[in-house]
Amino acid sequence: MIILGIETSCDETAAAIIEGKNGDIKILSNVISSQIEIHKKYGGVIPEVAAREHVLNILPVINEALKKAKKNAPSLILPLARGGEKINQPQLSVFKPYSPFIRGRLRGGKKISAIAVTVGPGLITSLQVGVETAKTLAYAWNIPIISINHIEGHIYANFIGKLKTKIEFPALILTVSGGHNLLVLMKGHGQYKIIGETIDDAAGEAFDKGAAMLRLGYPGGPEISKYAEKYKLPLIKGSKIILPRPMIYSKDYNFSFSGLKTALLYKLQKDPQWKKRIPEYASEFESAITDVLIYKTIKAAKALNVKTIMLSGGVSANKKLRLSLASAVLREFKNIKFYVPDLKYTTDNAVMIAVAGYYNALNKKITPPSKLKTSPNLELKSN
Ligand code: KG4
Ligand code: ZN
């Protein structure tokens, strides 16, 4: 089954083509056009600007994904008209249908079987660009659509690659990005139960806001991480900065990161020398976030008796979180396996959407194009 994945929920326009066969996933192409350089100037994503960029980028990105996939799998029949490969306007060529004359050529060749597209959660105007494009292509190519929850996509970033398809259930997933912060119990493919969530900001949002307070760049997570790594030696005894670990000992599995941000602000306001201590502030801020995430994940894994723990979402790119959670799992459990996506699949991409689409399609989860709509506040529910 060959699937085209499309992702436009925030500030990355992404398209990817994968081939799934008996649980093995082959990535034929993975194209991402990032808007980070544009949004950096404003210190965050401006929805209007993001949507306009998606409109400009979506068709060239899909076109490139199609062409790269063809290179990697020459038997792939592209949905182009005769001579379509030579069309100078890439924006138009993708809209050529799988026309009858290529039907003959389909013998021995492979066709794209379905389109998987992110329908939510995310910025409504950004989501709309991906969803409307997917609808139009599905009509033109006469193939089905699979609607994907962005969070489910992040979870499925762990299923990219052959060995990882053997993941055993029940699995506990800590999925953390700029927009969501969840502990999820996954009993099988498409079977989710939310165990814990943030009651205010997501950890990625806290990283972004904390970085802005420290006058570091956007996105904040990688910046905080970069400065934190520079902090090696403790300063004079007694002067160490200490931030709270919000809700770490609460009885539930929920999180809260907005108070941490305020605590950082107060510390900075009281410290005229803060600009000289950015690495120390960054290190303590990063530790405060990762300590809470790790503590609650281990606690939930103990209570729920899971076989697997997985990390996902943009914040799973954080080196400290990846390493510390891996060693906590090793220290605390003998038989629990730990997975984390390859770095390139941690932040938004369309491979994860296509892979989630593949597993949804195996469960016959197809949405008629006429019923497909964006859902900016979509919650993670079982399929
Ligand atoms: O999944 P993602 O690309 O977009 C959303 O769905 O939100 O996640 C982006 C978030 C941003 O908040 C960014 O600061 C955070 O992930 N992030 C990181 C790192 N890389 C990205 N946070 C901490 N450390 C990182 N290395
Ligand atoms: Zn994301």
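The values are calculated or read from the model by the stated rules, or taken from the named source; none is laboratory data. Fair warning: this is a prediction, and the values are worked out from it, not measured in the lab. Quick reminder, even Gly has a Cβ in these numbers, built from the backbone with ideal geometry, and neighbours come from all protein chains shown. Remember, those area values only see protein heavy atoms, side chains included, never the ligands or the DNA or RNA. Shrake-Rupley method; radii C 1.70, N 1.55, O 1.52, S 1.80 Å.
Residues that are at pLDDT 95 or above and open to solvent by less than 10 Å² (accessible area, probe 1.4 Å) were ranked within region 127-144; the one that is nearest to ligand 1 (Cβ to nearest atom) is Leu127. Residues that are in a helix (DSSP H, G or I) and open to solvent by less than 40 Å² (accessible area, probe 1.4 Å) were ranked within region 211-222; the one that is nearest to ligand 2 (Cβ to nearest atom) is Gly221.
Within region 317-346, residues that are within 16 Å of Pro170 (Cα to Cα) reach partners that are in a helix (DSSP H, G or I) and among the aromatic types (Phe, Trp, Tyr) with beta carbons closer than 9 Å, at six or more positions or on different chains, in the pairs Tyr339/Phe159. Cβ separations smaller than 7 Å between residues 6+ apart or across chains give the following pairs from region 248-262 residues that are over 19 Å from Phe207 (Cβ atoms) to residues that are open to solvent by 30 Å² or more (accessible area, probe 1.4 Å) and outside any loop (DSSP other than H, G, I, E, B): Tyr253/Ile195. When region 116-126 is filtered for residues that are touching a Pro at 6+ places or on another chain (Cβ under 8 Å), over 9 Å from Ala51 (Cβ atoms) and surrounded by 24 or more Cβ atoms within 10 Å (Cβ to Cβ), only Gly122 remains. When Val49, Val55 are checked against the criterion of being in contact (Cβ under 8 Å) with a residue 24 or more places away in the chain, open to solvent by 10 Å² or more (accessible area, probe 1.4 Å) and either part of a loop (DSSP other than H, G, I, E, B) or closer than 23 Å to Ser375 by Cβ (or both), Val55 stands alone in meeting it.
Would you pick out the residues in region 361-383 that are under 17 Å from the mean Cα position of the chain (by Cα) and either buried (at least 19 other Cβ atoms within 10 Å of the Cβ) or β-branched (Val, Ile, Thr) (or both)? Selection gives Leu378, Leu380. Of all positions in region 298-306, none carries a residue that is basic (Lys, Arg), open to solvent by 40 Å² or more (accessible area, probe 1.4 Å) and within 23 Å of the chain's Cα centre (by Cα). Looking across region 307-337, the residues that are of a type outside the set (A, V, I, L, M) and open to solvent by 50 Å² or more (accessible area, probe 1.4 Å) come down to Lys307, Lys319, Lys320, Ser327, Arg331, Glu332, Lys334, Asn335, Lys337. Looking at region 107-115, is at least one residue in contact with a strand residue (DSSP E or B) (Cβ under 7 Å, 6 or more places away or on another chain), more than 20 Å from Lys71 (Cα to Cα) and modelled with pLDDT of 95 or more? No, the conditions are met nowhere in region 107-115. When region 147-205 is limited to residues that are without any contact (Cβ under 8 Å) to a residue 60 or more places away in the chain, assigned to a strand (DSSP E or B) and under 30 Å from Glu223 (Cα atoms), the one that is least open to solvent (accessible area, probe 1.4 Å) turns out to be Thr198. Note on region 320-356: among residues that are within 20 Å of Leu293 (Cβ to Cβ) and basic (Lys, Arg), the one that is nearest to ligand 2 (Cβ to nearest atom) is Arg322.
Listed conditions (1) β-branched (Val, Ile, Thr); (2) within 29 Å of Leu172 (Cα to Cα); (3) outside any helix (DSSP H, G or I) are all met by Ile242, apart from (2). Being in contact with a strand residue (DSSP E or B) (Cβ under 8 Å, 6 or more places away or on another chain), within 24 Å of Asn149 (Cα to Cα) and near ligand 1 (Cβ under 8 Å from one of its atoms) is a property that holds for Val315.
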